[in-house]
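S.K.: Submitted below is the structure of interest, expressed as structure tokens.
The values are calculated or read from the model by the stated rules, or taken from the named source; none is laboratory data. Every value quoted in this text rests on a predicted model; they were computed, and no experiment measured them. Ideal geometry is used to build each Cβ from the backbone, glycine not excepted, and the neighbour counts take in all protein chains shown. Surface areas here come from the heavy atoms of the whole protein model, side chains and all, with no ligands, DNA or RNA. Shrake-Rupley method; radii C 1.70, N 1.55, O 1.52, S 1.80 Å.
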Amino acid sequence: MTAPAATETVELGDDIIRFEHIVKRFGGAQALVGASLTVRRGTVHGLVGQNGAGKSTLIKILAGLHIPDEGHITVENRIYDRLTPHLCEELGIHFIHQDRLLVPTFTVGEALFLGRETRLPRTPFLDRGAMQQRAEEILLSHFGVRLPKSALIGELSTAERQIVQITRALLSHPKVLVFDEPTAALVQREAETLFRLIRRLRDEGVTIIYISHYLNEIEKLCDHVTVLRNGLDVASQPIAETSAKAIARLMIERDITEMFPKSNVVLGKEILKIESLSAASRYEDVSFSLRRGEVLGITGLLGSGAKDLIRTFFGLERATTGRIELDGRSTQLRSPTQAVERNVALVPEDRRGHGVGLDLSVSENITLSSLERYTRFGFLNRTREGAETGDLIRRLQIKTSGRNALVRTLSGGNQQKVAIAKWLSRQSELYLLDEPTVGVDIGSKVEIYALIGELAARGAGVIVLSSDLPELVGITDRILVFFRGRVVRELISSTTTADEVLAVSTGASEEVRHVN
């Protein structure tokens, strides 16, 4: 295959990138059906659309990972039939990926200077001390943060790894930076730091393409937005001339009159009760109960203890003191196996790493936790398995080419639905949903909210851990707010606001300022 070359020069004016009528097919499926994208130099350009709308395909064409079947690509006044990763680097186009692509066993300095290492004078040996010292200076300059000199990438938090990845890109003096869902795993304070950096880069002349499912971020941060739907751009306009609600309508081709559908459910018997539960240095003296048909929200800042509590209910962590009752029976959940036997289900935040098997089919994932229901004398009843998985695919509106399609070929929102379907197949009774809509488009979010309502309506107990506070207020009955390892307040969802939840969870509320 010959290297891509510029076929001709054109005048773009203020446009640095222009995609025109891009078509991309994968077998019989058409991911892009003539999509266009025009990005002006020195702006923050938002790119939005539901999972499966074509965003990832378009960006992979920009990154040189896919070759378009039809259409024109113009970068800085030159037309290309295709791009390659090497050419992108030469053109100054760099990517901040959602899956932090860093070597986990490298130090911060080694990760930053990979490919441009500093060596000891007149030797082939790396000068690790110099690289780490320079890394510390650069991180302090760009982000105002200090990372431990000896820390490995694998030991850093998600936010810290993202900072390293962004800083690595900045060392190449990029002309264009593409951010793919950069705040999906960040708390509000960390996200604000990122926003300040992006604005500073824009003011310095760097062009930003910003991909996010968080439309409030698009409205707050971007200068212009392009909306994709079903492989085609359906709108491209200045942010000043639109709104998050208008963008949402364009994305899903309908008006969301009820973002948070809730059913009137008569609460049943107590399904979960915990008394004075504590785990050393993680959470302390937590007590509450949950009834069948109830949706309980839990939230708190990173390190507040909320996530540790959820992990305890699934046997991934141990409480040191306290009592857990399931359906009126005292229980000790020492492992996920015990939790599953007690009809507890966990849909984890990291669906790709822990929620689904990417290289298994949709059908295999759905039945993975309940194979005993489909086997007899050691043989799998394929007919019954196919019938039930087909029913769940229809009920959850999982968009897939078929039940035998690999889960890695599905969009993020549909992968999340598969993760939930796995536990529906097992007919679980207590559902633990850890950040159930992170990285999921607005249309899929509404469908997942409706599914949560269905779980409650059929008598399950549901606990939702979420940092999306409007979501939490909208879909739950009550909210427990964690602050430094303690439940500092219980809020009734119908009478509270996201602002009030935020004030309590950050310690800004007067009543929790005394908590140490």
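S.K.: Output the number of residues of the range 192-220 satisfying the condition of being aromatic (Phe, Trp, Tyr) and either farther than 11 Å from GLY46 by Cα or open to solvent by less than 10 Å² (accessible area, probe 1.4 Å) (or both).
M.R.: Restricting attention to the range 192-220, the residues satisfying the condition of being aromatic (Phe, Trp, Tyr) are 195, 210, 214.
Pick out the ones that are also either farther than 11 Å from GLY46 by Cα or open to solvent by less than 10 Å² (accessible area, probe 1.4 Å) (or both) and you get 195, 210.
Summing the residues that are aromatic (Phe, Trp, Tyr) and either farther than 11 Å from GLY46 by Cα or open to solvent by less than 10 Å² (accessible area, probe 1.4 Å) (or both) in the range 192-220 gives 2.
S.K.: If you don't mind, there's one more thing I want to ask. Conditions first: (1) in contact with a helix residue (DSSP H, G or I) (Cβ under 9 Å, 6 or more places away or on another chain); (2) farther than 27 Å from VAL504 by Cα. GLY293 passes all but one, so which condition is the exception?
M.R.: Evaluating GLY293 over (1) in contact with a helix residue (DSSP H, G or I) (Cβ under 9 Å, 6 or more places away or on another chain); (2) farther than 27 Å from VAL504 by Cα leaves (2) as the failure.
S.K.: Now, a different point. Restricting the search to the range 135-165, which residues are open to solvent by 30 Å² or more (accessible area, probe 1.4 Å) and of a type in the set (S, T, N, Q)?
M.R.: Result: SER141, SER150, SER157, THR158.
S.K.: Is it the case that some residue within the range 260-269 is open to solvent by 60 Å² or more (accessible area, probe 1.4 Å), closer than 20 Å to LEU430 by Cα, of a type in the set (Ser, Thr, Tyr) and part of a loop (DSSP other than H, G, I, E, B)?
M.R.: Taking every residue of the range 260-269 in turn, at least one turns out to be open to solvent by 60 Å² or more (accessible area, probe 1.4 Å), closer than 20 Å to LEU430 by Cα, of a type in the set (Ser, Thr, Tyr) and part of a loop (DSSP other than H, G, I, E, B).
S.K.: Does the range 390-414 hold any residues that are under 19 Å from ILE442 (Cβ atoms) and in a helix (DSSP H, G or I), and which are they? Walk me through it before giving the result.
M.R.: First pass over the range 390-414, keeping only residues under 19 Å from ILE442 (Cβ atoms): 396-399, 410-414.
Passing the criteria: GLY412, GLY413, ASN414.
S.K.: Among (1) more than 27 Å from the chain's Cα centre (by Cα); (2) farther than 20 Å from LYS24 by Cα, which single condition is LEU112 missing?
M.R.: Single failed check for LEU112: (1).
S.K.: Taking helices (runs of 4 or more DSSP H) that do not extend beyond the range 292-389, which have at least 1 residues that are within 19 Å of LEU406 (Cα to Cα)? Explain how you work it out, then say what you get.
M.R.: Details: elements: 306-313, 336-341, 362-367.
Helices (runs of 4 or more DSSP H) meeting the threshold: 362-367.
S.K.: So, one more: Report, by residue number, each residue of the range 458-492 that is touching a helix residue (DSSP H, G or I) at 6+ places or on another chain (Cβ under 7 Å) and small (Gly, Ala, Ser).
M.R.: If the condition is that a residue be touching a helix residue (DSSP H, G or I) at 6+ places or on another chain (Cβ under 7 Å) and small (Gly, Ala, Ser), then SER466 is the only one that fits.
S.K.: Does the range 377-385 contain at least one residue that is over 24 Å from THR437 (Cβ atoms) and buried (at least 19 other Cβ atoms within 10 Å of the Cβ)? Steps first, answer last, please.
M.R.: The initial filter retains those residues of the range 377-385 that are over 24 Å from THR437 (Cβ atoms), namely 377-385.
Subset that is buried (at least 19 other Cβ atoms within 10 Å of the Cβ): 385.
Yes, that holds for at least one residue.
S.K.: Out of the range 425-437, which residues are modelled with pLDDT under 90, open to solvent by 20 Å² or more (accessible area, probe 1.4 Å) and in contact with a strand residue (DSSP E or B) (Cβ under 9 Å, 6 or more places away or on another chain)?
M.R.: Across the range 425-437, the qualifying residues are ARG426, GLU435.
S.K.: Would you confirm whether or not the range 349-362 contains a residue that is touching a residue at least 24 places away in the same chain (Cβ under 8 Å), surrounded by 13 or more Cβ atoms within 10 Å (Cβ to Cβ) and of a type in the set (Ser, Thr, Tyr)?
M.R.: Yes, because at least one residue in the range 349-362 is touching a residue at least 24 places away in the same chain (Cβ under 8 Å), surrounded by 13 or more Cβ atoms within 10 Å (Cβ to Cβ) and of a type in the set (Ser, Thr, Tyr).
S.K.: Filter the range 169-216 for residues that are farther than 22 Å from ASP350 by Cα, in contact (Cβ under 8 Å) with a residue 12 or more places away in the chain and in a helix (DSSP H, G or I) and give the result.
M.R.: Result: ALA169, LEU170, THR193, PHE195, LEU197, ILE198, ARG199, LEU201, ARG202, ASN216.
S.K.: Looking only at the range 415-437, which residues are under 13 Å from the mean Cα position of the chain (by Cα) and not in a loop (DSSP other than H, G, I, E, B)?
M.R.: Keep residues of the range 415-437 that are under 13 Å from the mean Cα position of the chain (by Cα), which gives 415-416, 434-437.
GLN415, GLN416, ASP434 - these are the residues of the range 415-437 that are under 13 Å from the mean Cα position of the chain (by Cα) and not in a loop (DSSP other than H, G, I, E, B).
S.K.: Is it true that some residue in the range 145-160 is in a helix (DSSP H, G or I), under 26 Å from the mean Cα position of the chain (by Cα), under 24 Å from ASP203 (Cβ atoms) and among the small types (Gly, Ala, Ser)? Spell out the reasoning first.
M.R.: Residues of the range 145-160 that are in a helix (DSSP H, G or I), as a first pass: 153-155, 158-160.
Subsequent filtering for residues that are under 26 Å from the mean Cα position of the chain (by Cα) retains 153-155, 158-160.
Now drop any that are not under 24 Å from ASP203 (Cβ atoms), which leaves 159.
After this cut, where a residue has to be among the small types (Gly, Ala, Ser) as well, the list is 159.
Yes: one or more hits.
S.K.: Select from the range 77-116 the residues that are touching a helix residue (DSSP H, G or I) at 6+ places or on another chain (Cβ under 7 Å), more than 19 Å from ILE211 (Cβ to Cβ) and assigned to a loop (DSSP other than H, G, I, E, B) and list them in ascending order.
M.R.: Matches in the range 77-116: LEU102, VAL103, PRO104, THR105, PHE106, PHE113.
S.K.: Next up: Can you pull out the strands (runs of 3 or more DSSP E) entirely within the range 438-511 that have at least 3 residues that are open to solvent by 10 Å² or more (accessible area, probe 1.4 Å)? Steps first, please.
M.R.: On the way: elements: 461-465, 478-483, 486-492.
Passing ranges, in order: 486-492.
S.K.: Report, by residue number, each residue of the range 309-327 that is closer than 17 Å to VAL462 by Cα, open to solvent by less than 70 Å² (accessible area, probe 1.4 Å), out of contact with any Ser or Thr (no Cβ under 9 Å at 6 or more places or on another chain) and not hydrophobic (A, V, I, L, M, F, W, C).
M.R.: Result: THR312, single match.
S.K.: Is there a residue being farther than 29 Å from LEU502 by Cα, basic (Lys, Arg), surrounded by fewer than 19 Cβ atoms within 10 Å (Cβ to Cβ) and touching a strand residue (DSSP E or B) at 6+ places or on another chain (Cβ under 9 Å) anywhere in the range 273-290? Show your work before the answer.
M.R.: Within the range 273-290, the subset farther than 29 Å from LEU502 by Cα is none.
No: zero hits.
S.K.: Shifting gears a bit: Quick one: LEU114 ticks every box in (1) surrounded by 15 or more Cβ atoms within 10 Å (Cβ to Cβ); (2) in contact with a Phe, Trp or Tyr (Cβ under 9 Å, 6 or more places away or on another chain) except a single one, so which number is it?
M.R.: LEU114 satisfies all of (1) surrounded by 15 or more Cβ atoms within 10 Å (Cβ to Cβ); (2) in contact with a Phe, Trp or Tyr (Cβ under 9 Å, 6 or more places away or on another chain) except (1).
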